[in-house]
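Report on one structure; see the data block that follows.
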Amino acid sequence: MRSPLTYLPAPVRGAIAIVALAVNTVLCTLPLFAFALLKLLFPFAWMRRRIDPVLNAIARAWVAGNSLWMRLLHPTRWDVQGLPAPRRGWFLVNCNHQSWADIFVLQHLLHGRLPMLKFFLKQELIFVPVIGLAWWALDFPFMKRHGKESLRRDPARRADDHEATLRACRKFALVPTSVMNFAEGTRFTPEKQAQTGSPYRHLLKPKAGALALTLGAMGAKFDAFVDVTIAYSPAIPGFWDFLCGRVQRVAVHIEQLPVPAEFVGLDYAGDSQGRKRFGRWLNALWEKKDARMDVLLGTAPAATGPQEFAAAPAEV
C-alpha cells in the first residue's frame with residue numbers, strides 16, 4: 001500500500017527528504033564520532049575488532065533511516081531481480097555508476113542482506129560536510145585520481161591508489177564487509193561517454209585498478225562476487241530529482257558469481273600477462289552488463305529479448 005506522502009507535490013517531497021536525511025545523519029554521526037575517537041586514540045587491532053562492529057551498526061541504522069523516508073516519500077516502481085538471501089561474510093560488489101542515487105539504491109536493497117557496504121571514494125569527498133568525516137571513521141578508502149599529465153610528470157604517483165587499496169583491504173579483513181566498487185570510476189554521462197570513446201551504449205569504459213588490487217589483496221577472503229546493474233527510467237536522475245521521488249522506475253539486476261580464482265593474489269602492477277587477462281575478463285563482464293542494460297531499460301533488440309535475464313521482481 002502506497003504511503004499518502006507519495007501524493008504530495010514533488011518539491012514538497014524533496015524538502016521533506018532533505019530534512020529527514022539531515023536529521024538522520026546528525027543523529028547517527030554524533031555517536032559514530034564518539035566511537036571513532038576511541039579507535040583513533042587506541043589504533044590497535046584488538047580495539048578495531050571491538051569498535052568496528054559498533055560503527056557499522058550505527059551506519060546500518062543510518063541506512064535503515066534513509067530507507068524509511070524513501071518508502072514513505074517515493075512513488076517509484078522497483079523492479080529487482082536476484083536479491084540475495086541474508087548472508088554474513090565478505091563480498092566484493094561491483095556496479096555501474098550513473099547517479100548519486102546509486103549509493104542510496106544499493107544501500108536500500110542490500111541492507112540486512114549483505115554486510116555493510118564500503119565504497120572506494122574520490123579523495124575530494126572527504127571534505128563533504130559531516131558525511132565525509134563519517135566515511136573516514138568507517139574506513140571508506142579515499143582514492144586519489146591523477147590525470148595523464150600528472151602521471152607523466154611524476155610516475156611514482158601511480159602507486160598512491162595501490163597503497164590506499166592495500167591499506168583498506170587490511171582493515172576490511174578484520175570485520176565482515178562488502179567491498180563496493182564502481183569500476184567506471186565516475187558517473188555516466190553522454191558527454192563522458194563521447195570524450196572517453198566508450199564502446200558501450202550505456203556504460204563508460206571500466207577501470208580495472210581498484211577491482212584487480214582488491215582481488216589480489218584479499219580475494220581468498222571473499223565468499224562471492226556480486227555484480228549489480230542499475231537502470232533508471234525514463235532518465236538518469238539528478239540528486240534533487242531523486243530526493244523529490246521523480247524517478248518513475250528503478251530496475252536492478254543482482255547476480256552472485258564465484259570469485260574468479262585466477263585473479264586471487266594477482267600482482268596487478270608486476271604481472272603484465274595477468275593484467276591483460278584481467279582486462280579481458282572485465283571487458284567481457286562489461287559487454288554483458290551493457291546488454292543487460294538494454295533489457296532493463298526495455299530497449300533490447302527482439303532477437304535477444306528479456307528472457308536471458310528474466311526473473312520475478314522482488315518486493316523492496
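We did not get these values from a lab; they are worked out from the coordinates using the rules stated. Given the structure is predicted, the values throughout are model-derived calculations rather than measurements. When we count neighbours, we look across all protein chains shown, and the Cβ atoms used for this are built from the backbone with ideal geometry, even at glycine.
Within the chain, what's the longest run with no chymotrypsin sites (Phe, Trp or Tyr not before Pro) in a DSSP loop and at most 15 other beta-carbon atoms within 10 Å? Give the range, please. Present the calculation step by step, with values, prior to reporting the outcome.
On the way: sites that count: Phe44, Trp100.
The segment 101-316 is the longest one with no such site.
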GNM of the chain, Cα pairs under 10 angstrom: of Leu110, Leu38, Leu121, the biggest fluctuation goes to Leu38
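Expressed as a rounded percentage, what relative contact order does the chain have, with Cα pairs under 8 Å and six or more residues apart?
Numbers: 481 pairs, mean separation 77.3, N = 316.
Normalised by residue count, the contact order of the chain is 24 percent.
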Expressed in nanometres to one decimal, the distance between label points 7 Å along Cα→Cβ at Arg87 and Ala269 is 3.1 nm
Taking R0 as 22 Å and r as the Cβ-Cβ distance between Ala220 and Arg167, the FRET efficiency 1/(1 + (r/R0)^6), rounded to the nearest 0.05, comes to 0.75
Counted neighbours (other Cβ, 10 Å), sorted fewest up, put Val264, Val226 in the order Val264, Val226
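My understanding is that a pair violates if its Cα-Cα distance is over 32 Å; which of Lys39/Lys289; Lys118/Lys192; Lys39/Lys192; Lys39/Lys288 do that in this structure?
On the way: Lys39/Lys289 40 Å; Lys118/Lys192 25 Å; Lys39/Lys192 40 Å; Lys39/Lys288 42 Å.
From the list (Lys39/Lys289; Lys118/Lys192; Lys39/Lys192; Lys39/Lys288), the Cα-Cα distance tops 32 Å for Lys39/Lys289; Lys39/Lys192; Lys39/Lys288.
Given R₀ = 25 Å, what would the calculated FRET efficiency be for Leu40 paired with Ile131, taking r from the Cβ atoms and rounding to 0.05?
Details: r = 18 Å, r/R0 = 0.72.
Efficiency at R0 = 25 Å is approximately 0.90.
Taking other Cβ within 10 Å of each residue's Cβ, how do Asp267, Asp241 sort, fewest first? Walk me through the numbers before you get to the answer.
Details: Asp267 12, Asp241 17.
By the 10 Å Cβ count, ascending: Asp267, Asp241.
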For the chain, whose charge dipole is built from +1 on Lys and Arg Cβ atoms and -1 on Asp and Glu Cβ atoms, the candidate among Tyr200, Gly132, Leu5 with its Cα farthest towards the positive end is Gly132
Extension length gain for Lys192 and Arg49 (0.36 nm per residue less Cα distance), in nm, is 47.4 nm
Counting every C-alpha pair in the chain, the percent lying more than 31 Å apart is 32 percent
